[in-house]
Amino acid sequence: MAAVRAVQSAPGSVAADIATAVRFLLEELAEVAPGNSVEVRVPPLGATQCIEGPRHTRGTPPNVVEMSPETWFAVATGSLSWDDAVAAGRVSASGTRADLAEVLPLRVASTT
């Protein structure tokens, strides 16, 4: 909840930048690890499905990863390792495919 309050209380342009960065990194994850077997949730800013495997069609997916926007940004960019985030309790991951250590951090290609 503190993460949600931090994003919501940030000045308008900062909150918009955080939301944009989170959504961009979620889109990158879906491109790097396409599939529909794991749902990655970063409330309240976004969610995506990734990782090849069985597709779910109804209800809560069997493989769910959830974390705060700050944690998502940190693990996606490599300033926090997946294993350290999980060990610190900053990530909720359930299901046999919910380990994202193989695909994080993301390597976003430079546009320059």
- Message: Consider region 17-42. How many of its residues are open to solvent by less than 50 Å² (accessible area, probe 1.4 Å) and either hydrophobic (A, V, I, L, M, F, W, C) or under 21 Å from residue 74 (Cβ atoms) (or both)?
- Response: 13
- Residue check: is residue 98 open to solvent by less than 40 Å² (accessible area, probe 1.4 Å) and in contact with a strand residue (DSSP E or B) (Cβ under 7 Å, 6 or more places away or on another chain)? yes
- Message: Give all pairs with beta carbons closer than 6 Å in which a residue from region 85-98 that is in contact (Cβ under 8 Å) with a residue 24 or more places away in the chain meets a residue that is among the aliphatic types (A, V, I, L, M) and crowded, with 19+ Cβ neighbours inside 10 Å; count only pairs at least 6 apart in sequence or on separate chains.
- Response: 91/67; 91/85; 93/65; 97/38; 97/51; 98/38; 98/65
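The values are calculated or read from the model by the stated rules, or taken from the named source; none is laboratory data. Since this is a predicted model, take the numbers as computed values, not measurements. Don't worry about glycine lacking a Cβ; one is built from the backbone with ideal geometry, like all the others, and counts go over all protein chains shown. Calculation scope for accessible area: heavy atoms of the full protein, side chains included, ligands and nucleic acids excluded. Shrake-Rupley method; radii C 1.70, N 1.55, O 1.52, S 1.80 Å.
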